[in-house]
1. Per residue, how much space in cubic angstrom lies within the convex hull of the C-alpha atoms of the stretch 192-324?
2. Which order do the peptides 167-173, 74-80 take when ranked by the mean count of other beta-carbon atoms within 10 Å per residue, highest first?
3. Ranked highest first by average number of other Cβ atoms within 10 Å, how do 282-292, 214-224 line up?
4. Over 5 Å intervals from 0, what percent of Cα-Cα pairs in the stretch 15-97 sits in each interval?
5. Rg to Rh ratio, the chain, alpha-carbon atoms and Kirkwood radius?
6. Within the stretch 286-324, report the GluC sites (Glu not before Pro) that DSSP leaves as loop and that have at most 14 other Cβ atoms within 10 Å.
7. Per residue of the stretch 175-183, in order, report the coupling 6.51 cos²θ - 1.76 cosθ + 1.60 (Karplus, θ = phi - 60°) as ³J(HN,Hα) in whole Hz, putting x for Gly and Pro.
8. Could you tell me which helices of the chain pass both thresholds, a Cα extent of 20 Å or more along their own axis and a mean Kyte-Doolittle hydropathy of at least -1.0, with helices taken as whole DSSP H runs?
Amino acid sequence: MPPPPPGRSGMALILALAAIVLAGGVALHLQARGGARARAEQAELVRERLRVAVAEAAREAMWVLAADENLAVDHLGEEWALPMETTRADGLATAAWVEDAGRFYNWNNLAVSNNATRQPHDIVLDLMTFCGDFTPVERVEALQDYLDEDDEGHYEAAFYRRLDPPYDPPNRPLWAPEEWVRVYGLSRDMLRPRPKIDTADLFGGDLASATVLVPTALDEPIPVNVNTASREVLMGLTGLKQEAAVRHVLSLRQVQPFQTLGMMFMASPELAAALEGAVGTSSEYFRIDARAFGEGQQRTVMAWVRRDPSSGDIQILQWVEGEG
Ligand SMILES: [Ca+2]
Ligand SMILES: [Ca+2]
């Protein structure tokens, strides 16, 4: 047999080599695709494990809160108020914090009233003034109309339907700050922390650290807890006139938390009249923030709960999962 023309065998060799290279390339490509899929599956697996871990961390915080032995007194030295951190057997880490709503003033209090000396409307007016808003009347009226049941007021459906784009006020307690900022005259900026320039400034308060939005319907206002509330909140409650009395109460509670309201009122009769009906020594609503992290990912849970004041049972009011 005559030998094949050299040019053709060279071409065949080149084609064969090209085919090998090509096949190699395809194999590598498949491997890479397989690798990317495996990585995506792995990331999804981690995500699921983090979801479970963060839910367990939040549930654990609820157990600690429910196990509180003294439901009549809540203060920041109790076990539930301490940060809870764990490193799990599977290598993921979790952290959880419990914060009582009683240390802030609840915006949704505006929808209800009780026989307190001072009503939510007046307290919110003073709190806003204390936080540097010297013309809060219109805003408080708008807020009250937005969340009260009825349709009677300046800032009800007829008012919001004239806006562009038009919308309706919900006429119920608000569930999230995203709803609060839709009230006429209110804005996200008002909820940003205000740097304290002068500690002696009577009007240097901060709505971000003085108020809260507990997402639940109420029969009467949520009382402020005198054992956990800040000076700002107590000042707002007392109508800004009792600075010395508030300072006195704060120094007393540093020594020992108030076990009863009678104890506090006895220590400061001038506050008793102003705070009657608006304060308590324990908290009923709590916010739990939990996060789980590991392998470059993070999952979060924010939960609002109500703890029954007599049994300690925990009821979840709101449960929000996130990644940030
Ligand atoms: Ca307690
Ligand atoms: Ca209304």
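No lab work stands behind these numbers, since they all come straight from the coordinates. Because the structure is a prediction, the values reported are computed rather than measured. As a convention, Cβ positions derive from the backbone with ideal geometry for all residues, glycine included, and neighbour counts pool all protein chains shown.
1. Values: hull volume 21.9 nm³, N = 133.
About 165 Å³ per residue, rounded to a whole number.
2. Packing proxy ranking, top to bottom: 74-80, 167-173.
3. On the way: 282-292: 22.7, 214-224: 18.0.
The most tightly packed comes first, giving 282-292, 214-224.
4. Percent of Cα pairs in each bin: 3, 12, 14, 11, 10, 8, 7, 6, 6, 5, 5, 4, 3, 2, 2, 1, 1, 0.
5. Expressed as Rg/Rh, it is 1.27.
6. Sites meeting the loop and neighbour criteria: Glu295, Glu323.
7. Listing the rounded values in order: 9, 7, x, 4, 7, 4, 6, 8, 5 Hz.
8. Span-like helices here: 6-66.
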